[in-house]
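Written out below as structure tokens is the structure these notes cover.
The values are calculated or read from the model by the stated rules, or taken from the named source; none is laboratory data. All of these numbers come straight from a predicted model, not from anything done at the bench. Don't worry about glycine lacking a Cβ; one is built from the backbone with ideal geometry, like all the others, and counts go over all protein chains shown.
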Amino acid sequence: MKNFEGKLAVITGGGTGMGRELARQLVTAGCQVAMCDLSLETMAETRELCEQEAPQGVVSTFQADVADEAQVLAFRDAVQHVHDTDHIHLLFNNAGIGGGGSFINDSRQEWDRTFGVCWSGVYFCTRAFMPMLLASDEGHIINTSSVNGFWASLGPDRSHTAYSAAKFAVKGFSEALITDLRRYAPHVKVSVVMPGHIGTSIVSNTLREFARSESADGTSDELAALRRRLDRFGLSAQELTDEEARAALRRIAQDFRDRAPTTAAEAATIILDGVKDERWRILVGDDAQVLDCLVRENPEAAYEASFMEKLRAETGWQLSR
């Protein structure tokens with residue numbers, strides 16, 4: 001797939017971050033885009049940007065939770081109807097959230113939710129859209145894993161179990177599909193994307209997701225949930241006023257997005273270039289390249305404090321996607 005003109009791409013998590021930038025670049029290249037997200041507001045912003053940059057482009061939006069298979073199937077049906085087609089060419093399984101850091105101390109609800117979005121979303125969407133990929137003359141599945149798909153850590157002082165487990169699953173599934181597709185659907189390719197620290201809104205989206213869900217089910221009020229988040233970032237929230245606590249979390253989310261070594265737009269370009277080159281393994285960012293080398297070089301030391309010190313010395317790396 002050397003160009004995207006006249007193709008139809010499905011993108012999950014299209015409201016912000018890499019999903020938004022993939023949509024913008026694909027529409028500019030003459031591709032139709034069908035996206036889903038939980039937020040109608042952010043999807044509307046993405047669609048407006050696409051229409052400004054490619055007025056003749058075709059962009060559709062659908063509100064869906066990718067962790068819910070019924071909603072994913074409804075999204076697929078909407079794509080068929082709105083775009084009047086029985087096939088797609090590109091499937092970007094991009095949606096993701098963080099959370100569920102500790103298997104021991106965090107709630108099962110949070111753990112399952114994180115794993116559900118980051119893994120089940122990939123599985124459900126690939127199942128749902130596979131017939132439409134098979135019906136195309138050429139297709140490509142692009143699954144977003146992470147550097148946490150080969151290094152299950154954020155460093156020795158922070159647990160990172162649910163996200164890492166999900167991203168390992170995405171990586172393994174994608175690699176297993178290489179042979180499966182070659183045998184039974186050679187016109188469909190697959191790539192696994194492993195970003196390092198990319199300037200996205202995943203931190204703010206995660207904070208919003210769990211603050212909303214915890215307050216909605218009556219387990220806590222939103223502010224208490226936000227204070228627990230601060231504690232997990234290593235910041236004591238006990239002496240902060242309510243507004244100071246909110247401001248601290250906003251600053252963490254903004255810093256993650258704005259101080260990243262690779263922007264979401266740069267990441268999207270790297271991903272799309274990898275698709276054109278039919279690379280099954282797409283590392284995104286210099287930090288991802290360095291981390292990959294370090295883990296391969298000395299896997300036994302990957303979870304020691306000395307490993308994190310070496311990583312920081314070589315990249316200045318702080319957080320993964």
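Can you find a residue that is assigned by TED's automatic domain parsing to the domain that holds Ile88, within 20 Å of Lys189 (Cα to Cα) and without any contact (Cβ under 8 Å) to a residue 40 or more places away in the chain anywhere in segment 46-55? Scanning segment 46-55 turns up no residue that is assigned by TED's automatic domain parsing to the domain that holds Ile88, within 20 Å of Lys189 (Cα to Cα) and without any contact (Cβ under 8 Å) to a residue 40 or more places away in the chain.
Listed here are the residues, each with its yes/no results for (1) surrounded by fewer than 17 Cβ atoms within 10 Å (Cβ to Cβ); (2) touching a residue at least 40 places away in the same chain (Cβ under 8 Å).
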| residue | (1), (2) |
| --- | --- |
| Leu133 | no, yes |
| Ser145 | no, yes |
| Arg158 | yes, yes |
| Tyr163 | no, yes |
| Phe168 | no, no |
| Ala185 | yes, yes |
| Lys189 | no, yes |
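Count of segment 175-227 residues, restricted to those that are modelled with pLDDT of 65 or more and either within 17 Å of the chain's Cα centre (by Cα) or in a strand (DSSP E or B) (or both), is 22.
Within the group Glu41, Glu69, which residue is surrounded by fewer than 22 Cβ atoms within 10 Å (Cβ to Cβ), farther than 19 Å from Gly121 by Cα and touching a residue at least 12 places away in the same chain (Cβ under 8 Å)? Even if it seems obvious, please write down each step before you answer.
Values: Glu69 fails: farther than 19 Å from Gly121 by Cα.
Matching residue, one of Glu41, Glu69: Glu41.
When Gln25, Gln56 are screened for being farther than 14 Å from Met132 by Cβ and at pLDDT below 95, only Gln56 passes. If only residues of segment 271-320 that are crowded, with 16+ Cβ neighbours inside 10 Å and of a type in the set (Phe, Trp, Tyr) are counted, the one that is modelled with the highest pLDDT is Phe307.
Can you confirm whether Gly155 is modelled with pLDDT under 95 and of a type outside the set (S, T, N, Q)?
Working: modelled with pLDDT under 95: yes; of a type outside the set (S, T, N, Q): yes.
In short, yes.
Only one of the numbered conditions (1) under 18 Å from the mean Cα position of the chain (by Cα); (2) under 22 Å from Val188 (Cβ atoms); (3) among the polar types (S, T, N, Q) is not met by Asn148, and that is (2). Here Arg76 meets the list (1) closer than 24 Å to Ala166 by Cβ; (2) modelled with pLDDT under 95 almost entirely, failing just condition (2).
Filtering segment 137-171 to residues that are assigned to a loop (DSSP other than H, G, I, E, B) and closer than 26 Å to Leu26 by Cβ leaves Asp137, Glu138, Ser145, Ser146. Within segment 101-119, is even one residue touching a Cys at 6+ places or on another chain (Cβ under 8 Å), of a type in the set (A, V, I, L, M) and under 23 Å from Glu209 (Cβ atoms)? There is no residue in segment 101-119 that is touching a Cys at 6+ places or on another chain (Cβ under 8 Å), of a type in the set (A, V, I, L, M) and under 23 Å from Glu209 (Cβ atoms).
With a requirement of 1 or more residues that are within 25 Å of Gly285 (Cα to Cα), the strands (runs of 3 or more DSSP E) lying completely within segment 3-66 that satisfy it span 8-12, 32-37.
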